[in-house]
1. Under 6 Å between Cβ atoms, which residue pairs at least 6 apart in sequence (or on different chains) link something in region 351-365 that is in the same structural domain as residue 395 (by TED's automatic domain parsing) and under 17 Å from residue 414 (Cα atoms) with a partner that is modelled with pLDDT under 85 and in a helix (DSSP H, G or I)?
2. So which of 153, 131, 148 ends up being in contact (Cβ under 8 Å) with a residue 40 or more places away in the chain and either touching a helix residue (DSSP H, G or I) at 6+ places or on another chain (Cβ under 6 Å) or in the same structural domain as residue 377 (by TED's automatic domain parsing) (or both)?
3. Can you name the number of the only condition in (1) modelled with pLDDT under 90; (2) in a helix (DSSP H, G or I); (3) surrounded by fewer than 20 Cβ atoms within 10 Å (Cβ to Cβ) that residue 105 fails?
4. State yes or no: is residue 296 in contact with a strand residue (DSSP E or B) (Cβ under 9 Å, 6 or more places away or on another chain) and surrounded by fewer than 18 Cβ atoms within 10 Å (Cβ to Cβ)?
5. Modelled with pLDDT under 80 and in a helix (DSSP H, G or I): which single residue out of 456, 444 fits that description?
6. Has region 126-149 got at least one residue that is closer than 15 Å to residue 23 by Cα, at pLDDT 85 or above, in contact with a strand residue (DSSP E or B) (Cβ under 8 Å, 6 or more places away or on another chain) and not in a strand (DSSP E or B)?
7. Being modelled with pLDDT under 90, within 25 Å of the chain's Cα centre (by Cα) and assigned by TED's automatic domain parsing to the domain that holds residue 155 narrows it down to one of 41, 63, so name that one.
């Protein structure tokens with residue numbers, strides 16, 4: 001068994017970025033040593049009395065599911081392998097979930113599972129699991145590898161457990177990382193800009209996740225312990241927007257019977273998120289520019305000197321602000337000040353190959369919300385969803401899944417449970433032949449030759465340097481090794 005090289009935070013108080021990086025590193029090592037595609041780190045939540053999913057990797061996608069807990073059931077159904085391992089403080093190997101008395105599906109159906117306790121003071125404080133969709137994927141050597149990893153990482157994961165138990169981690173935004181090459185670029189930029197105080201402009205279609213990204217920036221910034229205030233500029237009448245942002249003095253206008261504190265003041269030392277900034281009237285843009293450049297705000301109707309505030313500004317819009325500047329409907333000086341860093345969010349149609357996984361995530365959330373035992377989406381319903389363009393993007397997909405969960409009376413979503421807008425779409429003839437195949441099968445059919453060629457070209461260009469290949473591909477080294485093995489590409493050749 002090998003000794004693991006992990007991130008070693010020297011400060012007793014972990015920073016959120018260190019905690020997440022540590023959990024990610026542990027999970028990457030677990031997958032690398034077991035050749036698994038899926039894995040999770042569970043840490044015991046003492047207050048909630050359950051195992052909280054702290055880091056979840058499915059088919060190279062990082063999935064955060066805030067609030068998802070594995071608790072002991074009150075009926076005769078199994079609690080799940082992870083809870084069994086935690087309760088018994090013992091490793092567990094399952095190579096056929098169809099015949100396992102402890103297996104319980106909590107996200108996707110798998111056939112093989114290895115789970116080991118994370119030891120702390122001779123007791124489990126959590127569990128590391130890896131899984132595969134194929135039976136007989138693991139052996140005793142994989143148990144030993146995971147046990148070694150759990151032991152060497154325990155003291156660091158204990159720090160992460162204590163950090164999240166204090167509160168900051170409870171509100172981590174729901175986010176799936178690595179959805180597409182475009183999202184990888186967004187994530188790279190997000191990680192670079194989050195620790196700074198630079199203004200950020202987020203551009204994307206309706207429903208692409210602009211507020212979610214804004215929350216992720218705030219959560220990963222040095223201001224995460226301070227308030228994040230959100231104002232939707234399109235939802236507030238023009239007459240009230242100035243008062244909302246900057247406040248007003250008593251008697252400033254008819255009906256102003258008391259002094260009001262503005263959202264800029266409430267966001268002092270924190271972050272102010274202005275959603276749909278493109279709908280802000282021109283009359284307010286000059287005052288906003290002064291607040292951004294000088295940090296000074298003047299409440300409506302106030303005669304006192306302007307107050308100074310320290311606010312990090314994040315704005316979002318679905319409008320093309322550059323076009324609005326040319327049309328003189330948005331101030332050019334404000335546009336250039338707000339767009340120091342611009343994040344362009346891709347629409348759902350650009351990464352529909354992940355539609356099945358996204359549907360699983362929203363299904364899990366909706367089933368918990370509705371308190372229903374809905375577990376899967378039928379291949380026929382999945383094929384219908386794939387044929388639909390989802391103009392409302394991720395928000396529409398979430399609503400579609402919630403609708404289906406409400407309408408179904410069984411454990412499975414069928415075509416008749418989907419909204420009429422999806423059922424009315426006629427599949428193209430090229431798609432009909434795939435109507436009863438899963439999205440995973442369809443993705444593999446189309447991407448396998450392209451992915452192999454892409455990897456071979458990168459290897460040649462980088463002369464076999466795996467780290468350089470990973471950087472060019474925008475993924476980690478573990479993922480590259482896994483893809484090379486999956487596509488049968490050998491490194492034993494001359495790249496000179």
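1. Listed by first residue and then by second, the contacts come to 355/439; 356/439.
2. Of the residues listed, the single one that is in contact (Cβ under 8 Å) with a residue 40 or more places away in the chain and either touching a helix residue (DSSP H, G or I) at 6+ places or on another chain (Cβ under 6 Å) or in the same structural domain as residue 377 (by TED's automatic domain parsing) (or both) is 153.
3. Failed condition: (2).
4. yes
5. Sole residue among the options that is modelled with pLDDT under 80 and in a helix (DSSP H, G or I): 444.
6. Yes, the conditions are met somewhere in region 126-149.
7. The match here is 63.
Listed here are the residues, each with its yes/no results for (1) more than 25 Å from the chain's Cα centre (by Cα); (2) under 24 Å from residue 230 (Cβ atoms); (3) at pLDDT below 90.
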residue	(1), (2), (3)
315	no, yes, no
328	yes, no, no
331	yes, yes, no
334	yes, yes, no
337	yes, yes, no
365	no, yes, yes
369	no, yes, yes
388	no, no, no
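The values are calculated or read from the model by the stated rules, or taken from the named source; none is laboratory data. Computed from a prediction, not measured in an experiment: that's the story for all the values here. Backbone-built Cβ (ideal geometry, glycine too); neighbour counts: all protein chains shown.
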